[in-house]
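For reference, the structure discussed in these notes is given below.
Every read-out reported here was derived from the displayed coordinates using simple, explicitly stated rules and does not represent laboratory data. Here the structure is a predicted model, which is why all the values come from computation and not from measurement. Cβ placement follows ideal geometry from the backbone for every residue including glycine, while neighbour counts extend to all protein chains displayed.
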Amino acid sequence: MTERDSHDGHAGPPVTVVMPTYNEAANLPRMAELVLGLPVDGLHLKIVDDSSPDGTGLLAEELAEKYNADQPAGRRRLSVLHRTEKDGLGRAYVAGMTAALAEGAGYVVQMDADGSHPVEAVPRMLDAAVARGAGLVVGSRYVEGGSLDEDWGLHRVLLSRFANRYARAVLGTEIRDITAGFNLWSAATLRELDLATLDSAGYSFQVELKYKAVRAGHRAVEIPIRFGERTEGVSKMTLRTQLESAVVPIRLRLKHR
């Protein structure tokens with residue numbers, strides 16, 4: 001499933017980009033500038049910071065002050081959600097997405113703060129959702145036209161491809177990039193899935209949410225992206241999150257037999 005569209009601007013339901021952060025001070029100013037420079041009317045960036053020791057949370061507040069300064073009363077382009085506990089990427093996303101829905105977002109985008117997700121693809125993802133009536137649009141590395149950064153080592157490439165094939169085989173899904181972290185969701189889909197009921201705390205959150213969406217009958221569309229290498233800093237992937245990612249597909253399949 002692939003979708004290629006051109007985009008000339010968006011005047012539909014509000015779009016919120018949810019961006020979890022932990023020690024991303026070196027990347028955040030550039031990412032905020034790129035996201036808020038997109039040709040999408042009413043776009044909002046919500047940063048979810050897990051008490052980063054490098055001062056990312058404070059920097060996010062400074063960016064919020066900068067980008068909200070010239071806005072009408074009651075309207076913000078950037079907001080910050082501070083969490084006191086670092087308990088997994090999935091939990092951070094649930095907090096940010098829940099807040100976005102409560103604030104009236106029509107679509108919610110998941111995006112990493114490290115620069116690996118191509119910001120310029122967001123309008124194409126939005127167009128695909130509107131044109132195809134999709135509840136989920138995946139920025140996919142593994143459909144025709146998708147790719148990985150050339151700097152990825154062979155080990156990482158093989159691990160990523162294996163993780164996708166493994167999860168797809170266990171769950172019986174047609175989504176080619178089931179582990180993708182760059183996704184656009186309709187608000188209606190997220191509300192129906194009930195984010196509070198998700199079990200996964202780490203990266204496997206990506207798999208669980210997609211699987212539940214497809215099982216519930218929501219249309220999923222994939223558009224090709226080039227997945228880049230992080231701009232600054234180091235990966236947050238740990239052995240614990242890799243083990244969780246291996247167990248979750250089996251647990252989901254057993255639960256929903």
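The alpha carbon convex hull volume per residue for the range 170-228 rounds to 102 Å³. Sorting 120-126, 106-112, 162-168 by their mean Cβ neighbour count within 10 Å, with the most densely packed peptide first, gives 106-112, 120-126, 162-168. Could you calculate the FRET efficiency of ASP41 with ARG191 from 1/(1 + (r/R0)^6), where r is the beta carbon distance between them and R0 is 35 Å, rounded to 0.05? That gives a FRET efficiency of 0.95. Using θ = phi - 60° in the Karplus curve 6.51 cos²θ - 1.76 cosθ + 1.60, the 3J(HN,Hα) couplings for the range 198-210 round to 6, 8, 6, 9, x, 5, 5, 3, 4, 6, 4, 5, 5 Hz; x is entered for Gly and Pro. Across the range 124-165, the convex hull enclosing all Cα atoms gives 92 Å³ per residue. The base-10 log of I(q)/I(0) for the range 15-256, evaluated at q = 0.09, 0.10 Å⁻¹, reads -0.35, -0.43 [Debye formula, identical scatterers on Cα atoms, solvent excluded]. The stretch between ARG226 and LEU158, if pulled fully straight at 0.36 nm per residue, gains 22.8 nm over its current Cα-Cα span.
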